[in-house]
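Chemist: Here it is: the structure, laid out below.
The values are calculated or read from the model by the stated rules, or taken from the named source; none is laboratory data. Values in this document were obtained by computation on a predicted structure and should not be read as measured data. Cβ coordinates were reconstructed from backbone atoms using ideal geometry, including for glycine residues, and neighbour counts include every protein chain displayed. Please note that ligands, DNA and RNA were not included when accessible areas were found on the heavy atoms of the full protein model with its side chains. Shrake-Rupley method; radii C 1.70, N 1.55, O 1.52, S 1.80 Å.
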Amino acid sequence: MPRNSKNKPVITPEIVAEHGLSEGEYEIILDRLGREPNINELGIFSVMWSEHCSYKSSRRHLAKFLTKGDKVIQGPGENAGVIDIGDGDAIIFKMESHNHPSYIEPYQGAATGVGGIMRDVFTMGARPIALMNALRFGEPDHPKTKSLVNGVVAGIGGYGNCVGVPTVGGETNFHKGYNGNILVNAMCVGLARTDNVFYSAAKGIGNPIFYVGSKTGRDGIHGATMASAEFDDDSEEKRPTVQVGDPFTEKLLIEACLELMATDAIIAIQDMGAAGLTSSSIEMADKGGVGIELNLDKVPQREPNMTPYEMMLSESQERMLMVIQPGKEQMAFDVFEKWELDVAQIGKTTDTGRLVLKHQRKKVCDIPIAPLADDAPNLDRPYEIPKSLPVISLSDIHETQDYDDALVRIISNPDIASKRWIWEQYDRTVMTDTVDSSQSGGDAAIVRIHGSNKAVAITTDVTPRYVQADPYEGGKQCVAETWRNLTCVGADPIAITDCLNFGNPERPEIMGQLVGAIEGMNEACRAFDYPVVSGNVSLYNETNGQAIPPTPAVGGVGLIPDLTHFATLNGAKEGDTLILLGETTGWLGSSIYLREILRREEGAPPPVDLEAEKRTGDYVRKLIRMRRVNAVHDLSDGGLAITACEMAFAGNIGMSLNASVGIPLHGWLFGEDQGRYLLAVDEHSVNPVISTAKDKGIIAQVVGKVGGDRITAVGGFDVTLQGLREKHEGWLPEFMS
Amino acid sequence: MKTAVIVFPASNCDRDAAVALEKITGHKAEMVWHRETTLPAGIDFVVIPGGFSYGDYLRSGAMAARSPIVKDIVTKANLGLPVAGFCNGFQILTEAGLLPGALMRNTGLKYVCRPQKLKISNNNTRYTSKYGNVSEVTFPIAHHDGNYFADDETLNKLEKGGRVVFRYDGNPNGSARDIAGICNEAGNVFGMMPHPERAIDPLHGGTDGINLFKSIIESI
């Protein structure tokens, strides 16, 4: 680094470029400061204006989302979204990506992803009550896949299990499109009281600023900038930018913060996530319209001789920043010392509107705060929404001659096969409120609100191959599927969080995928009155110019008002009738059948009719509350055949499907038409269920029977439940052995 | 009836244990912080809950076993106070010397969480008397270090003395002789890796854990 006569680094164009700032962006900095920034100030602008922190490519499009609703207490813009679930209870939740670090260092990357998302939730006053994760890995044959799966799963478990929050569900896909960029999206759901939600806006002048948690080290410096760039062959060298997690400290931090939150000592609180002390202090100051002055000598440090630059950009984990009510300092010290956490008063709020940093009695940074937020780049990148792939007619899709073989291949393919090997490594039952989890293979996890008879239902979903084939329809579909999943357990869907994982937005076709998906998602959100309350965007998921499949993961949350009326896919009994709700056309474009049996990845994805979807879902929820159904499962990957198998596995009972009427058999069994549900009902309920459906304009038909120990379809497959289960359970353990 | 749950930094089943105790006894359990040097007066039964005490970065339970409160528990347990440890609590009891043997890393090397079938090996202990003729129960397990180890002499002694209380039906972690839970010679101290406190409500998928708590509470 070039240095001037006072041995200070000179800001050269190379240094500006290394910080990921464009020439134009640097010009704005020069203009706002009226001088050249020093290296600390440059570093601060660099992280605050990184894609990761500023959402500069996506902001104007995210603004289109429905974010308000009757139940929304806080939408996007805070650490997490907050919804009202009645009785003074609030649910606080968010999903976030930790993709880049998890590829470079899978254990720590995934572990700190879980830690970070939990902090976003308890920062707002909620006790975390459930974790979920949405994972995407490369193809199984890729040399890195196995070790990445191992590391990511161990990291998620290692962190969540120790902290004692149940990991209740998630999804895992494998596709060659993720060979160079895996996706690790973690979601946390917490419970708070509506009158005790905490926000990040600093208030008042001269109020003490407290630092709590782990000491600051040299880990994760510039992590946010790293997460805002593509990978190349030397990405391994980025390992030092990955943070290291300490779940023990996180657990202490949760308990200590919740203890202090029960008093009136905290004015504002913010966790130190991406861009650490920099973004936390600036966000608090900016939201509160105040200035902040920090004495960096007071920051608890893990290593000697840390520079201001390192301290401000460190992403050491398990740290919080808070503004404390004057006079309550001792109360705060007492609580944090009880929990043996590092705690220090490192500064105060000011009326200058500036961020002032002092280090060894010198002023090392003095910048106005407003431009960091207000002037953050808000790009209108060129985009081209890719046209949908052409619709493939069913007659152009070859019918298998061996249905037994087709069923076995689909049930044991990596995307559909049981993920028991993964979820058995997660504590799903700690806190003793888990009613249903990955264990049942169901549509949504169910977690009781402690001490009550109501529960939240939680799900994550996206079908990247649909989004790839048609970003708009795929965007609609991922929101609709979460809504459907919540409906399947009898929950009223309330709101979603999202994690938008895409490639390099500087390419118009990638930007087009992002915009198309957002618009499709938004249409579904509006149709269901199902707002987005939190989320994040992860771009530059590319290696050597190869982008991941567009993957807008959606996390949905709903409420089961009374746990005496809920359903799962487990519960079908001998003699039950299977009823299919929703329209079946035999849609095989972009289906699992097409990919796994015919090795074709093409065709328009199934369209989502949002009106029919809503009508059908509302009816399913009503049937569950009337206790008309014994088991419910929605139809998704692999269509009717796979849905029936999954219901059979959960209830450990056979299923026999009737002959198809008017649709070629392969389309009937494996077609992925949307908005459909399979119900198992008592024989005496069949007529009322079907006739009421017809009155409501919902297509309903008897499609089979429950019973025996085989899975059969007239004219199609006939296999034993046990044999099929072995194939379904067998793939992942064998792959990982 | 007064019960206590010990809280270490990063205990995480402390609330679960307290919920179970309140459900069975009708009274709230006292939550006792690890830095206390004595149990509150009049405690009749102590639960050492699951979790990752002190992060378990050393051997599981090793640091907790040396905490101030455990000293007092050891003294009182040796005088007959009923003490049960579940999961991390079991690990702590072995580290504290109240129960023999040690819990090593699972043979599969992975954390494992699943509903686990157990056989009751002795229905005549203070922790199993209420099970009557029931010989099989299901409790959730959730641990990384649940592989019970002791030398043959110790194992023989445990078996002979009827101190093997529960065994795994389908060993999930490599435990010697399928041992899931044991008690001390006097029968007042009991430890097991599975979680009976996670099986006390039909919504947990079963209520097999209730009788374990009832057994010990009614024996007092």
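Chemist: Residue by residue, what Karplus-based ³J(HN,Hα) values in Hz, rounded to whole numbers, does the range A:290-295 have, using 6.51, -1.76 and 1.60 with θ = phi - 60° and x for Gly and Pro?
Modeler: 10, x, 9, 10, 10, 9
Chemist: Cβ under 15 Å from B:Tyr57's Cβ, B:Tyr57 left aside: what net charge do those residues give with Lys, Arg +1 and Asp, Glu -1?
Modeler: -3
Chemist: To continue, here is another question. Pop a pseudo-label 7 angstrom from the Cα along the beta-carbon direction at both A:Glu337 and A:Val714 and give the gap in nm to one decimal.
Modeler: For the pair A:Glu337/A:Val714, the computed spacing is 7.9 nm.
Chemist: What percentages, rounded to whole numbers, describe P(r) for the range B:3-219 computed over all alpha carbon pairs with 5 Å bin width beginning at zero?
Modeler: 1, 8, 17, 22, 22, 18, 9, 2, 0
Chemist: Among the listed pairs A:Lys387/A:Lys476; A:Lys338/A:Lys363; B:Lys2/B:Lys214; A:Lys476/A:Lys573; A:Lys68/A:Lys94, which are separated by more than 23 Å between their Cα atoms?
Modeler: Values: A:Lys387/A:Lys476 15 Å; A:Lys338/A:Lys363 34 Å; B:Lys2/B:Lys214 14 Å; A:Lys476/A:Lys573 34 Å; A:Lys68/A:Lys94 16 Å.
Checking Cα-Cα distances, A:Lys338/A:Lys363; A:Lys476/A:Lys573 exceed 23 Å.
Chemist: Can you pull the three principal axis extents for the Cα set of chain A, in Å, largest first?
Modeler: Here the Cα extents, ordered largest to smallest, are 85, 51, 46 Å.
Chemist: For A:Met655, what residues show an amide H to amide H distance below 5 Å, using hydrogens built from the backbone and excluding near sequence neighbours?
Modeler: Under 5 Å from the amide H of A:Met655 lie the amide H atoms of A:Gly707, A:Arg710, A:Ile711, A:Thr712, each far enough along the sequence or on another chain.
Chemist: Taking 1 over the mean of 1/r across every pair of different Cα atoms in the range A:263-408, what Kirkwood radius in Å do you get?
Modeler: Working: mean 1/r = 0.0519 Å⁻¹.
By the Kirkwood definition, the hydrodynamic radius is 19.3 Å.
Chemist: Moving on to the next point. How long is the gain from A:Asp351 to A:Asp195 if the chain were fully straight, where each residue apart is worth 0.36 nm and the alpha carbon distance is subtracted?
Modeler: Answer, rounded to one decimal: 53.3 nm.
Chemist: How much of the accessible area of the protein assembly as shown, probe 1.4 Å, is carbon plus sulfur, in whole percent?
Modeler: Carbon and sulfur atoms account for 49 percent of the accessible area of the protein assembly as shown.
Chemist: Have a look at the range B:102-120 and report residues whose accessible surface goes down by 50 Å² or more when the remaining protein chains are included, against the chain on its own, probe 1.4 Å, ligands and DNA/RNA excluded.
Modeler: Residues passing the criterion (a loss of at least 50 Å², heavy atoms only) are B:Lys110, B:Tyr111, B:Cys113.
Chemist: If the chain between A:Val10 and A:Lys298 were fully stretched, how many nm would it gain, using 0.36 nm times the residue separation less the Cα-Cα distance? Numbers along the way, then the final one.
Modeler: Working: separation 288, 0.36 × 288 = 103.68 nm, distance 2.73 nm.
My answer for the length gained is 100.9 nm.
Chemist: A:Phe174's amide H: which non-local residues (gap 5+, or another chain) put their own amide H closer than 5 Å, with H modeled 1.01 Å from N in plane and none for Pro or chain starts?
Modeler: Excluding prolines and chain starts, which carry no amide H, the hits are A:Phe137, A:Asp415.
Chemist: May I pose another question? For the range A:16-137, how big is the tail of P(r) above 25 Å, as a whole percent of Cα pairs?
Modeler: On the way: 3330 of 7381 pairs.
Looking at the range A:16-137, the distances longer than 25 Å represent 45 percent of pairs.
Chemist: Given 10 Å bins starting at zero, what is the percent of C-alpha pairs of the range A:22-91 in each, up to the one with the largest pair distance?
Modeler: Bin by bin from 0 Å, the calculated values are 16, 32, 22, 18, 10, 1.
Chemist: Here is a follow-up. With a 1.4 Å probe on protein heavy atoms only, work out how much accessible surface A and B bury together, total over both chains, in Å² to the nearest 100.
Modeler: 2500 Å²
Chemist: At R0 = 41 Å, how high is the FRET efficiency between B:Val134 and A:Arg599 if r is their beta carbon distance? Nearest 0.05 is fine. Present the calculation step by step, with values, prior to reporting the outcome.
Modeler: Working: r = 54 Å, r/R0 = 1.31.
Rounded to the nearest 0.05, the efficiency is 0.15.
Chemist: Now a separate question. Please check: in the Gaussian network model of chain B (C-alpha springs, under 10 Å), which one of B:Gly174, B:Gly146, B:Gly80 has the largest mean-square fluctuation.
Modeler: Largest GNM mean-square fluctuation: B:Gly80.
Chemist: For the pair B:Asp44 and A:Val702, what calculated FRET efficiency results from E = 1/(1 + (r/R0)^6), where r is the Cβ-Cβ distance and R0 = 56 Å, to the nearest 0.05? It would help to have the intermediate numbers written out before the result.
Modeler: On the way: r = 60 Å, r/R0 = 1.06.
Efficiency, rounded to the nearest 0.05: 0.40.
Chemist: Taking Rh as the Kirkwood radius computed over C-alpha pairs, what is the Stokes-Einstein D of the range B:164-220 at 37 °C in a medium of viscosity 0.692 mPa s, expressed in µm² per second? Don't jump to the answer; show the numbers that get you there.
Modeler: Numbers: Rh = 12.5 Å.
The calculation lands on 263 µm²/s.
Chemist: Ok, one more. Calculate how steeply helix A:721-736 sits against the longest principal axis of the alpha-carbon atoms of chain A, using the helix alpha-carbon long axis, and give the answer as 0 to 90 degrees to the nearest 10.
Modeler: Here the helix axis deviates by roughly 30 degrees.
Chemist: Additional query: Past the 15 angstrom mark, what percentage of all C-alpha to C-alpha distances in the range A:295-344 do you count?
Modeler: 54 percent
Chemist: Compute the convex hull volume of the Cα atoms of the range A:514-570, divide it by the residue count, and report the result per residue in Å³ as a whole number.
Modeler: Dividing the Cα hull volume of the range A:514-570 by its residue count gives 144 Å³.
Chemist: Among B:Pro196, B:Pro49, B:Pro100, whose mean-square fluctuation peaks in a Gaussian network model of chain B (Cα, cutoff 10 Å)?
Modeler: Answer for the Gaussian network model of chain B: B:Pro100.
Chemist: Turning to a different aspect of this structure: Which whole-number percentage describes the relative contact order of chain A, with Cα contacts under 8 Å and a sequence gap of 6 or more?
Modeler: 15 percent
Chemist: Count the net charge of all other residues whose Cβ sits under 10 Å from the Cβ of A:Lys94, scoring Lys and Arg as +1 and Asp and Glu as -1.
Modeler: Details: positive: none; negative: A:Glu78, A:Glu96, A:Asp120, A:Asp498.
Combined, the nearby Lys, Arg, Asp and Glu give -4.
Chemist: What net charge is computed for the residues neighbouring A:Thr463, neighbours being all others with C-beta under 9 Å from the C-beta of A:Thr463, Lys and Arg scored +1, Asp and Glu -1? If you can, show how the numbers build up before the last one.
Modeler: Numbers: positive: A:Arg465; negative: A:Asp461, A:Glu481, A:Asp637, A:Glu672.
Net charge in that neighbourhood comes out at -3.
Chemist: Rounded to the nearest 20 Debye, what is the dipole magnitude of the protein assembly as shown about its Cα centre when Lys and Arg each give +1 and Asp and Glu each give -1 at the C-beta?
Modeler: That gives a dipole near 2080 debye.
Chemist: Based on DSSP, what percent of beta bridges with both residues in the protein assembly as shown are antiparallel, to the nearest 5?
Modeler: 75 percent
Chemist: Under 12 Å from a label point 7 Å along Cα→Cβ of B:Lys119: give me every residue in the range B:159-197 with its amide N that close.
Modeler: So the set is B:166-171, B:177-180.
Chemist: Here is a further query. Determine ³J(HN,Hα), in whole Hz, for all residues of the range A:354-366 in sequence, where each value follows from phi through the Karplus function 6.51 cos²θ - 1.76 cosθ + 1.60 and θ = phi - 60°; x replaces Gly and Pro.
Modeler: After applying 6.51 cos²θ - 1.76 cosθ + 1.60, I find 10, 9, 10, 10, 10, 8, 6, 6, 10, 7, 10, 6, 8 Hz.
Chemist: What shape does the range A:400-476 have by the C-alpha gyration tensor, where a ≥ b ≥ c are the square roots of the eigenvalues, rounded means a/c under 1.5, and otherwise prolate means a/b greater than b/c and oblate the rest?
Modeler: It comes out oblate by the Cα gyration axes.
Chemist: At 25 °C and a viscosity of 0.890 mPa s, what translational diffusion coefficient does Stokes-Einstein give for the range A:556-678, taking Rh as the Kirkwood radius over Cα pairs? Give it in µm²/s as a whole number. Write out the running numbers ahead of the final one.
Modeler: Values: Rh = 15.4 Å.
Once the numbers are plugged in, D ends up at 159 µm²/s.
Chemist: To the nearest µm²/s, what D does Stokes-Einstein give for the range B:17-126 at 4 °C and 1.567 mPa s, using the Kirkwood radius over alpha carbon pairs as Rh?
Modeler: 84 µm²/s
Chemist: What accessible area per residue, rounded to a whole number of Å², is obtained for the protein assembly as shown using a probe radius of 1.4 Å? Walk me through the intermediate numbers first.
Modeler: Working: 32880 Å² over 957 residues.
It amounts to 34 Å² per residue over the protein assembly as shown.
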